[in-house]
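Peer 1: Please see the structure below; I have some questions.
The values are calculated or read from the model by the stated rules, or taken from the named source; none is laboratory data. Here the structure is a predicted model, which is why all the values come from computation and not from measurement. Don't worry about glycine lacking a Cβ; one is built from the backbone with ideal geometry, like all the others, and counts go over all protein chains shown.
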């Protein structure tokens, strides 16, 4: 019988979100299926999109900023010649063009977006304005103006161009809207464009190969914290200082058996994860201590 407070388990579960499903109902279904004490999802994913959606259990729910801020990879199926209200196939078509750019022009414009630039989010988005979603305001007939956000497109791999469609794989920074990228590419080509299909292939160190269908998820599929955070540099502290760390005392360099002393690190004692923290100006600051 499950404890009324739920199962106390810590780690990350990587779900392959189906297209057409929202994140919150998937989380509610996981809560009913797995009975965790604490559960949340890392970032979000558009309803029409599919792919990697990490869920955090227990102590992992306190690490959202660390996990969410990492680069993401998407495969986008783009259609040229049309623009929609939402910049994807879910919206109404608001513009069409007979312009037919050639493959060389399409390739050149797509590659020109491998850069850092000021990107305007779609009006139909989850961005908040005075506590309300921009998309809700637009549907209510209100005028919406969203400020641009500085984003970085690290790489774009062009898989196929067969006008009026193309398929590209994008690695980008947090906050990037692939819908806006497609819109910007279409505008630069003079023919318009929207995202027909979108699949997230990775979010930080979590990949689509690890992802599980929501209805098949089991407790044993949850990645332990130390494994999920293995991308972080490691500081190994002598076991004599275990209580000091549990009491939140700042790590001193004399306690360290091995590891680096700069940036964000995971703290291990006897092969067990005890904390996450950061060296700032040669001083230690905890982000999380796992009691």
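Peer 1: Out of curiosity, is residue 270 touching a residue at least 12 places away in the same chain (Cβ under 8 Å), exposed (fewer than 12 other Cβ atoms within 10 Å of the Cβ) and in contact with a helix residue (DSSP H, G or I) (Cβ under 8 Å, 6 or more places away or on another chain)?
Peer 2: Criteria met by residue 270.
Peer 1: Of the numbered conditions (1) at negative phi; (2) exposed (fewer than 11 other Cβ atoms within 10 Å of the Cβ); (3) not assigned by TED's automatic domain parsing to the domain that holds residue 59, residue 216 satisfies every one except a single condition; which is it?
Peer 2: Going through (1) at negative phi; (2) exposed (fewer than 11 other Cβ atoms within 10 Å of the Cβ); (3) not assigned by TED's automatic domain parsing to the domain that holds residue 59 one by one, residue 216 breaks only (3).
Peer 1: Turning to a different aspect of this structure: Could you identify the single residue in 264, 222, 276, 208 that is within 17 Å of residue 63 (Cβ to Cβ) and at pLDDT 95 or above?
Peer 2: Result: 222 is the single residue among 264, 222, 276, 208 that is within 17 Å of residue 63 (Cβ to Cβ) and at pLDDT 95 or above.
Peer 1: Here's another thing I want to ask about it. Restricting attention to the stretch 18-52, and to residues there that are in a strand (DSSP E or B) and under 17 Å from residue 64 (Cβ atoms), which single residue is modelled with the lowest pLDDT?
Peer 2: Ranking the qualifying residues of the stretch 18-52, first place goes to 41.
Peer 1: Oh, and also: Mind listing just one residue for me: the one in the stretch 110-139 that is part of a helix (DSSP H, G or I) and buried (at least 17 other Cβ atoms within 10 Å of the Cβ) and, of those, modelled with the highest pLDDT?
Peer 2: Checking each candidate, the answer is 110.
Peer 1: Hey, can you tell me all the residues within the stretch 80-109 that are assigned to a helix (DSSP H, G or I) and in contact (Cβ under 8 Å) with a residue 40 or more places away in the chain?
Peer 2: Across the stretch 80-109, the qualifying residues are 103, 105, 106, 107, 109.
Peer 1: Restricting to the stretch 53-72, give me the number of residues that are in a helix (DSSP H, G or I) and more than 18 Å from residue 209 (Cβ to Cβ).
Peer 2: Qualifying residue count for the region: 10.
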